[in-house]
Structures are given as structure tokens and as C-alpha cells.
Amino acid sequence: MSRRSIDSWLTSDGHRRLVTCSALLDVLTTAEIDAVCGAVINNQVPVLFSLTVTGALSLTPADPRDQLLLDAFNDHQRRAGRAGPDAASLAVSALLAGGMTVRMQDTPWLLTASDGQSFVARMLQERLEAAVAHEPALARTAAAWFELRRVQLGARSAADRAGAQRHPRPAGRTVDRYATRRSRTRCRCRGPC
């Protein structure tokens, strides 16, 4: 992908274009992000980037291994020169430097066992697979961590089905939720790469 090829497409028939992408920025290299943003700036076209890995994941209850595994996942997303969780800020910086107006909107995902135990488990497993692919020495740690999280998901799912009342919590807190932050200018990897 070169800036020249993107410029050519944006001006091919004289019509104004809109550039959109979803779940893409974090798998681009910094040079590719610069090329896309440069073409957008050069042609003064609007752009919408959505769903990018942000590098953040908050799980409740917390586990001492959470950050270690998250760091390995984020490093995996940065492999081979890819922007990974830095993609959104790189794109924003490039667009602002080119005189574009930029708006960012956080769109956090709040997932609970009742949202689909298998979906949440799959999302966690895919992140672990990426982390272990990057750092194979974490395989045992990751397996033990995932087993704990699967048990916790099962317990929460059973409590949700039984209508059990969990301990009170202050409004606005995600005491018993899995939360992962996403933003309109941030993408997410669709499984292990």
C-alpha cells in the first residue's frame, strides 16, 4: 500500500470519496498509517476509522497475571512493525499535523457472562493465543489463567441464570463485568494473527 496508489484511487473519477475502515489500523505498519493519512490529507477527504485495539483490558476480579498477559498480547500486536495499540494515536497525530479536524469517541465494550459465556471465553482465548504466540514461555501461565477465567465465567453465568443477587456495588462501577475499551478510531484484531 503506497500513498501514490491511495491518491490514485481517491482521485480516479473526480468524485469526492469517504475513506472508512474497521478493525484495520492496528494491523497496519506505521508507514502504512502514514500513507493512508497522507492520502486523506492530500485529497481532503473525510475518514472514519473504527474498532482498533487500544492496549487496554480490565477484568474483574483482577488477577496478578492480567497485566503480564496483556503486555504480551500488545507486543504481539506490534510485531513486524505493526502499529498495534499505538495505531489510533499515530493516525490522530498524522491527521492533526496535516491540518485535519479529528474527533475521537470512546466506545467501551462491557461484556458479562450473560452476554454469552462462549463469546467472552473465545475473546479471552484468542488474546491468550496471540500472547503465547509472541511469548511461548507464557504457555503454562496462560493456560492456568484461562482455566480460572472460564470457571469465573461459569459461576457468573450460573448466578445470572439463577437470578442470584450479587453484593451491592456503587452505580457506574463494573464490579462483575469484563470491560475492554474500544474507540471509534481504534480497531481490534479478529483472532490470532
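The values are calculated or read from the model by the stated rules, or taken from the named source; none is laboratory data. The model shown is predicted, which means the values in this text are computed figures rather than measured ones. Here the Cβ is made from the backbone with ideal geometry for all residues, glycine too, and neighbour counts use every protein chain on show. Calculation scope for accessible area: heavy atoms of the full protein, side chains included, ligands and nucleic acids excluded. Shrake-Rupley method; radii C 1.70, N 1.55, O 1.52, S 1.80 Å.
Observations on the structure shown:
- So GLU135, is it in contact with a Pro (Cβ under 7 Å, 6 or more places away or on another chain), under 18 Å from LEU70 (Cβ atoms), at pLDDT 95 or above and open to solvent by 40 Å² or more (accessible area, probe 1.4 Å): no
- Some residue of the range 31-46 being surrounded by 13 or more Cβ atoms within 10 Å (Cβ to Cβ), at pLDDT 90 or above and within 22 Å of LEU110 (Cα to Cα): no
- For the range 49-88, the set of residues classified as part of a helix (DSSP H, G or I), in contact with a helix residue (DSSP H, G or I) (Cβ under 7 Å, 6 or more places away or on another chain) and among the acidic types (Asp, Glu) consists of ASP75 only.
- Count of the range 109-122 residues which are open to solvent by less than 60 Å² (accessible area, probe 1.4 Å) and touching a Ser or Thr at 6+ places or on another chain (Cβ under 8 Å): 3
- Given (1) over 30 Å from ALA155 (Cα atoms); (2) at pLDDT 90 or above, index of the condition ARG17 fails: (2)
- For the condition surrounded by 14 or more Cβ atoms within 10 Å (Cβ to Cβ), on the phi < 0 side of the Ramachandran plot and modelled with pLDDT of 95 or more, TRP145 qualifies.
- On inspection, ASP63 does not qualify as open to solvent by 10 Å² or more (accessible area, probe 1.4 Å), of a type in the set (D, E, K, R) and in contact with an Asp or Glu (Cβ under 9 Å, 6 or more places away or on another chain).
- Conditions (1) at pLDDT below 90; (2) over 29 Å from THR29 (Cα atoms); (3) of a type in the set (A, V, I, L, M, F, W, C): number failed by ALA179: (2)
- Selection count where residues are under 15 Å from LEU24 (Cβ atoms), open to solvent by 40 Å² or more (accessible area, probe 1.4 Å) and in contact with a strand residue (DSSP E or B) (Cβ under 9 Å, 6 or more places away or on another chain), scope the range 76-108: 1
- Screening the range 120-132 for residues that are at pLDDT 95 or above and touching a Leu at 6+ places or on another chain (Cβ under 7 Å) and picking the one that is nearest to GLN77 (Cα to Cα) gives ALA131.
- GLN67 fulfils the conditions (1) of a type in the set (S, T, N, Q); (2) touching a residue at least 60 places away in the same chain (Cβ under 8 Å); (3) out of contact with any strand residue (DSSP E or B) (no Cβ under 8 Å at 6 or more places or on another chain) except for a single criterion, (2).
- Number of the exception - SER93 against (1) in contact with a helix residue (DSSP H, G or I) (Cβ under 6 Å, 6 or more places away or on another chain); (2) part of a helix (DSSP H, G or I): (1)
- Cβ-Cβ contacts under 7 Å between residues 6 or more apart (or on different chains), taken from a first residue in the range 109-131 that is more than 13 Å from GLY154 (Cβ to Cβ) to a second residue that is among the small types (Gly, Ala, Ser) and at pLDDT 90 or above, are listed as LEU128/ALA142; ALA131/ALA72; ALA131/ALA142.
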